[in-house]
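Heads up, the thing below is written out as structure tokens.
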Amino acid sequence: MAENSRDSLEWLKKLGIRFLPTPYHVYGGKYPRSFLTETGNGRIYIQVLAEACLSKRVQVSTNSRVISLIKGNEDNRIVGVIAQGPEGPSTVFARKGIVLASGGFGANSSKLREMVPWAADLGTDSNPGATGDLHDAVYAVGGKLTNMHFVECVPGSSAHENNPVRLDYNPRKFIFVNENGKRFVNEELPRGKISEAYFNGGFKRCYSIVDNQTVQEIQLNRKKNVYKGLYKNMVWRGNTVEELARKLNIPEENLFQTIQECQFDKQILTPPFWAANVVFKIHLTLGGVEINEKAQVLDELGKPITGLWACGQVIGNLHGKYRLGGNGINCAVVFGRLAAKNLTQ
């Protein structure tokens with residue numbers, strides 16, 4: 001991961017993705033080490049990679065769910081897949097190999113209840129296709145699954161809100177407070193440590209607090225959701241800290257003291273002051289298939305399964321219990337490229 005990240009960034013640039021020049025300090029990361037696209041969202045990756053595929057006449061089949069992997073008759077090599085498409089099941093054979101890029105299972109409530117019962121009733125911002133079907137398919141052919149009980153939770157405005165209404169993008173410029181106006185965690189810790197502090201805190205309400213300068217620095221597509229939140233009672237704004245505290249129904253003296261103690265470190269200086277409702281939800285699952293440094297999927301004995309590779313969130317032995325912020329797309333691109341390089345040799 002570390003050795004191939006920079007090359008992967010340069011490869012994306014060559015394909016046509018334009019990034020902002022300065023590294024960004026993403027929530028859940030200790031240092032500024034992530035690069036944002038100029039558009040500020042992930043759609044540009046899909047657009048550019050899809051264009052590259054089409055230019056090479058790659059056939060893309062949508063609405064086709066992989067049901068199972070196919071083993072060869074004489075060995076354990078994976079030679080293809082069975083997929084359920086709009087016109088029924090079909091068999092697709094691979095000349096050189098299969099690369100799993102199917103994501104996690106953050107949108108599969110039944111699998112969450114089985115693997116991570118404490119998180120099964122939380123909201124999720126996982127893609128609806130993150131159902132973990134390929135985890136089961138890999139296990140059925142002898143593949144090893146690991147860390148299936150680890151999930152990552154991040155702040156969201158509501159358990160059922162699809163568009164994120166958040167103020168906590170830059171960990172050096174916001175604080176979390178509870179309904180008593182007290183800060184309860186260091187916002188620059190790993191995401192898992194922050195969510196643990198939230199779930200173990202015993203409080204009923206939580207807010208992220210920033211100043212107006214920080215709101216103006218939020219990317220435009222995200223800022224739009226912040227202003228929408230003002231009219232949905234998910235975001236509040238006050239000309240003074242005391243006014244904001246009254247709107248949040250938390251003790252004015254406590255919030256004033258909390259902000260005073262960290263206002264210069266966290267740059268909460270410029271009025272009006274803003275607060276967003278915070279409810280932690282499942283962002284992704286950290287468990288999945290085991291791979292080696294060549295992105296080959298391993299069996300229960302730690303040996304590569306011939307013809308099977310994996311990249312992205314379907315991998316379970318990369319991040320451990322806590323994933324550094326900004327390593328999602330990175331994981332997909334790095335190991336996707338490694339898989340392609342090794343299966344074509």
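The values are calculated or read from the model by the stated rules, or taken from the named source; none is laboratory data. Just so it is clear, the model here is predicted, and its values are computed rather than measured. Methodologically, a virtual Cβ is constructed for each residue, glycine included, from the backbone with ideal geometry; neighbour enumeration extends over all protein chains shown. Heavy atoms of the whole protein, side chains included, go into the accessibility calculation; ligands, DNA and RNA do not. Shrake-Rupley method; radii C 1.70, N 1.55, O 1.52, S 1.80 Å.
Right, ASN317: open to solvent by 10 Å² or more (accessible area, probe 1.4 Å), of a type in the set (S, T, N, Q), over 22 Å from VAL165 (Cα atoms) and assigned to a loop (DSSP other than H, G, I, E, B) or not? So ASN317 passes the test. Among the candidates GLY16, GLY40, the residue that is within 25 Å of PRO190 (Cα to Cα) and in contact with a helix residue (DSSP H, G or I) (Cβ under 6 Å, 6 or more places away or on another chain) is uniquely GLY40. Counting the residues of the stretch 78-97 that are in a loop (DSSP other than H, G, I, E, B) and open to solvent by 80 Å² or more (accessible area, probe 1.4 Å) gives 4. Being closer than 27 Å to PRO190 by Cα, in a helix (DSSP H, G or I), among the hydroxyl-bearing types (Ser, Thr, Tyr) and in contact (Cβ under 8 Å) with a residue 24 or more places away in the chain, is that true of even one residue in the stretch 269-290? Within the stretch 269-290, not a single residue is closer than 27 Å to PRO190 by Cα, in a helix (DSSP H, G or I), among the hydroxyl-bearing types (Ser, Thr, Tyr) and in contact (Cβ under 8 Å) with a residue 24 or more places away in the chain. Just to be sure before I move on: is ARG172 within 16 Å of the chain's Cα centre (by Cα), at pLDDT 90 or above and more than 22 Å from VAL116 (Cα to Cα) in the structure I sent? It is false that ARG172 is within 16 Å of the chain's Cα centre (by Cα), at pLDDT 90 or above and more than 22 Å from VAL116 (Cα to Cα). Residue count for the stretch 25-43 satisfying the condition of being within 16 Å of the chain's Cα centre (by Cα), within 22 Å of HIS319 (Cα to Cα) and free of Cβ contacts under 8 Å to residues at least 60 places away in the same chain: 1.
For the subset of the stretch 266-279 comprising residues that are surrounded by fewer than 21 Cβ atoms within 10 Å (Cβ to Cβ) and within 27 Å of the chain's Cα centre (by Cα), which member is farthest from ALA197 (Cα to Cα)? Only one residue fits best here, namely GLN267.
Kindly check whether there is at least one residue in the stretch 56-74 that is within 25 Å of ASN342 (Cα to Cα), in contact with a helix residue (DSSP H, G or I) (Cβ under 8 Å, 6 or more places away or on another chain), surrounded by 15 or more Cβ atoms within 10 Å (Cβ to Cβ) and small (Gly, Ala, Ser). Yes, the conditions are met somewhere in the stretch 56-74. Sub-7 Å Cβ pairs linking a first residue in the stretch 44-66 that is more than 13 Å from LEU12 (Cβ to Cβ) to a second residue that is of a type in the set (Val, Ile, Thr) and outside any helix (DSSP H, G or I), at least 6 apart or interchain, are CYS53/VAL60; VAL66/VAL81, ordered by first then second residue. In the stretch 224-258, the residue that is surrounded by the most Cβ atoms within 10 Å (Cβ to Cβ) out of those that are under 29 Å from ASP121 (Cα atoms) and touching a helix residue (DSSP H, G or I) at 6+ places or on another chain (Cβ under 7 Å) is VAL235.
The set of residues in the stretch 320-345 that are closer than 30 Å to PRO32 by Cβ, open to solvent by 30 Å² or more (accessible area, probe 1.4 Å) and part of a loop (DSSP other than H, G, I, E, B) comprises LYS321, TYR322, LEU324, GLY326.
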